[in-house]
Amino acid sequence: MRNDLFTYEDLRFADIQLLRYRVPAFEGLPLRQKQYVYHLAEAALSGRDILWDQNCRHNLDIRHLLEDILLHSAIAHEGKDWDAFLTYLRQVWFANGIHHHYSTDKFLPAFSADWLSEAYCLIPEPVVAGERFAELLPVITDPSIMPKRVCQSGEDLIASSACNYYGEGVTQQEAERFYAAKKASAPVPDQPVMYGMNSRLEKDAEGNLYENTYSSGGLYGRQIGRICQHLEKAMEFAENDRQREIVSLLLQFYRTGSLETFDQYTIQWIAETEGMVDFVNGFTEVYGDPLGLKASWEGYVNILDREATLRTEILSRNAQWFEDNSPVDPRFKKKECKGVTARVVQAAILGGDLYPSSAIGINLPNSNWVRSVYGSKSVTIGNLTEAYDQAAKGNGFRKEFIPDDKVLDMVNRYAHELDDLHTDLHECLGHGSGQILPGVDADALGVHGSTIEETRADLFALYYIADHKMHELGLTPTPEAWKSNYYTYMLNGLMTQLVRIEPGRQIEEAHMRNRALIAHWCLEQSSYWAKVFGTIPAMELAKREGKTVLEIHDYPTLRQFIGQLLAEIQRIKSEGDTLAAKHLVEKYGVEVDSALHQEVLQRYKALDLAPYKGFINPRYTLVTDTEGTVTDVSIAYDETFDQQMLRYGREYN
Ligand code: ZN
């Protein structure tokens, strides 16, 4: 029953592909916890319009206009303009507004302004009045109006950004001064609240600045009131006292807008690790504000994936064994080694700024002082990564870059599970392993520090994923499955990650440099030793029918190279060997072979894949008996994207 329920290729338009995610952990919950999830999910969907309005002040009216045309206009439902209209509407739905969710550039419709006017005139009773339509028309069709949601260049970032966090006439300089003064007068200077996070900065009639705070009695009061109703309901079904306390503090925050209360809520939220169900609901990330102060609204609910979390617990329980048995010089090993347990969860609902496009791992809170005193919570959202993997199976990408059917079969069978295990090894053990020699500065490696650190964690993962110990601990499906991880890792490092680099550019991002470093170093070792011994190389880039392909002939030897490089990278880190770090990163991790790059880009382009993906939510329904008592909560995966968007527009408007 795992993957054959539905197709994952649900909908494709513009540069977007939509996927479904499943929530198997939900089915196993007792009724009480299902009801907790249900009400938290309703709360997560209820803030949708807050985000739309935060993204741009015209967004909600534009959505109402477009949905009105879709449902009520007598305009012909066919032809180029109509198709362009459907694409545009779906883009707007997906981006929660008229600006691209990732680039934040305004996208332009392929229909004409005249067509839109005609479609509008053919609505019998339009929800958007004629004057308002006249204002919205150029916002939709004129590229020079509000061209970017978050603009990072220009004289005044507030003036050049279309987002809606600052009122009419508020300048960047005024906003910066306003918040600098607030910070300077913080009552507890080393525990500052996140000033400005939950408000719109506006000017009153006399031109004085004030914060219009989001709260159930203030800005976005209706939506927040609705969120609060569902949170109150949810509180009845909380799993433990601390969860009840968390929801109650969040309610208090929503009612008062007090950021001190928000910090108290956050501190309790970090401490709650006992329950199966957890959630985020509130003003969270600041990427949508060019000044990085104002937080966009998001909501999501997750359920602990017991089995997957068990995996990370097994690893951290055995942390000392891994440390003792690594190929690293004993002087650089930790005498006492503790692993980290990461929670693996399944998303139960995505809302606000996490929907339809979502993160696959989340680490909160964002308050620096709370993090440093109380720590943070980290989750990997396993059912979303699984949906991505399912999509990768069917989209032709693997077939193009893995021409050997046997290897392809192995990758399709094991890559997802082994990639997750690789991530666990990297996060739970890799970063925490090893020690720096006394007197060596932890930042000695300078600009190459983060690349070397990621290289170290990846090598630790690659070295151990191939160890018998993994199978002994019951963490791999077969003793050979690790080979799929070696293949996909090397393929990515040598070739496929190049699709994310523009022609003529070099590799800059630390994780990408680290993958290139490991793969190219191993490739060079393979060719060197093959020449010395006159044998076939452990791994090589070969040509088949004019295409470059990766061939791995000897996996155990490849693992030996990994072990050698791990020992060397740990030495570099432990001794703070800046020159060696620079040499390795610059020789193997930065440069791009332009012919290969071009080839990879062409092959990728020919596949015509959507670069951005997002998710359709499942639908939860309360099941009641004849007396109206709730007997179950059902989950369904039957909505299309259009149906879901229209329903959200009706129910959470
Ligand atoms: Zn890392």
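The values are calculated or read from the model by the stated rules, or taken from the named source; none is laboratory data. These numbers were taken from a predicted model, which means no experiment stands behind them. Using ideal geometry, Cβ is built from the backbone for each residue, glycine included, and neighbour counts are taken over all protein chains shown.
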Residue identified as within 16 Å of the ligand (Cβ to nearest atom) and within 33 Å of the chain's Cα centre (by Cα) among Ala567, Ala510, Ala581:
Ala510
Across region 422-447, what is the total count of residues that are within 15 Å of the ligand (Cβ to nearest atom) and in a helix (DSSP H, G or I)?
9
Breaking point among (1) of a type in the set (D, E, K, R); (2) away from the ligand (no atom under 16 Å from the Cβ); (3) surrounded by 15 or more Cβ atoms within 10 Å (Cβ to Cβ), for Arg500:
(3)
Give me the residue from region 470-481 that is out of contact with any helix residue (DSSP H, G or I) (no Cβ under 7 Å at 6 or more places or on another chain) and either in contact (Cβ under 8 Å) with a residue 24 or more places away in the chain or not acidic (Asp, Glu) (or both) and, out of that set, farthest from the ligand (Cβ to nearest atom).
Thr478
From the option list Leu459, Leu418, single residue qualifying as surrounded by 19 or more Cβ atoms within 10 Å (Cβ to Cβ) and either within 16 Å of the ligand (Cβ to nearest atom) or closer than 19 Å to Thr557 by Cα (or both) is Leu459
Report whether or not Arg515 is within 16 Å of the ligand (Cβ to nearest atom) and within 21 Å of His416 (Cβ to Cβ).
yes
Does Val170 satisfy the criteria of being part of a loop (DSSP other than H, G, I, E, B) and either surrounded by 12 or more Cβ atoms within 10 Å (Cβ to Cβ) or not aromatic (Phe, Trp, Tyr) (or both)?
yes
Tell me the residue from Asp61, Asp142 that is acidic (Asp, Glu) and without any contact (Cβ under 8 Å) to a residue 60 or more places away in the chain, please.
Asp142
I need the full set of residues from region 441-471 which are under 15 Å from Ile572 (Cα atoms), modelled with pLDDT of 90 or more and more than 27 Å from the chain's Cα centre (by Cα), in order please.
Leu445
Any helices (runs of 4 or more DSSP H) falling wholly within region 258-365 and containing at least 1 residues that are of a type outside the set (A, V, I, L, M), more than 16 Å from the chain's Cα centre (by Cα) and closer than 23 Å to Leu473 by Cβ:
306-317, 319-324
List every residue pair whose Cβ atoms lie under 6 Å apart, where the two residues are 6 or more positions apart in sequence or sit on different chains, the first residue falls within region 623-634 and is under 20 Å from Gln33 (Cβ atoms), and the second residue, located anywhere, is charged (D, E, K, R) and assigned to a strand (DSSP E or B).
Val623/Asp632
Output the strands (runs of 3 or more DSSP E) that fall wholly within region 522-616 and possess 2 or more residues being closer than 30 Å to Ile16 by Cβ, or say none.
547-552, 612-616
Which of the numbered conditions does Gln497 fail, given that it passes all the others? Conditions: (1) of a type outside the set (Phe, Trp, Tyr); (2) free of Cβ contacts under 8 Å to residues at least 60 places away in the same chain; (3) assigned to a helix (DSSP H, G or I); (4) farther than 27 Å from Ser433 by Cβ.
(4)
Restricting attention to region 388-399, does a residue exist that is more than 20 Å from Leu550 (Cβ to Cβ), hydrophobic (A, V, I, L, M, F, W, C) and either within 16 Å of the ligand (Cβ to nearest atom) or in a helix (DSSP H, G or I) (or both)?
yes
Region 401-415, residues that are farther than 17 Å from Trp482 by Cβ and crowded, with 20+ Cβ neighbours inside 10 Å:
Phe401
Can you confirm whether region 604-621 contains a residue that is more than 30 Å from Ser526 (Cβ to Cβ) and more than 25 Å from the chain's Cα centre (by Cα)?
yes
State whether the residues of region 471-482 include one that is under 27 Å from Glu336 (Cβ atoms) and of a type in the set (A, V, I, L, M).
yes
Any pair with Cβ under 7 angstrom, 6 or more apart, that starts in region 449-460 at a residue that is small (Gly, Ala, Ser) and ends at one that is within 11 Å of the ligand (Cβ to nearest atom) and not in a helix (DSSP H, G or I):
Ala457/His431
Region 114-157: number of residues that are of a type in the set (A, V, I, L, M) and part of a loop (DSSP other than H, G, I, E, B)
8
The number of residues in region 178-220 that are under 23 Å from Cys163 (Cβ atoms), within 32 Å of the chain's Cα centre (by Cα) and among the acidic types (Asp, Glu) is 2
With (1) surrounded by 15 or more Cβ atoms within 10 Å (Cβ to Cβ); (2) more than 17 Å from Ala481 (Cβ to Cβ); (3) touching a residue at least 12 places away in the same chain (Cβ under 8 Å) as the list, and Gly394 as the residue in question, which single condition is left unmet?
(1)
What is the one condition in (1) closer than 21 Å to Leu350 by Cα; (2) touching a Ser or Thr at 6+ places or on another chain (Cβ under 6 Å) that Ala113 does not satisfy?
(1)
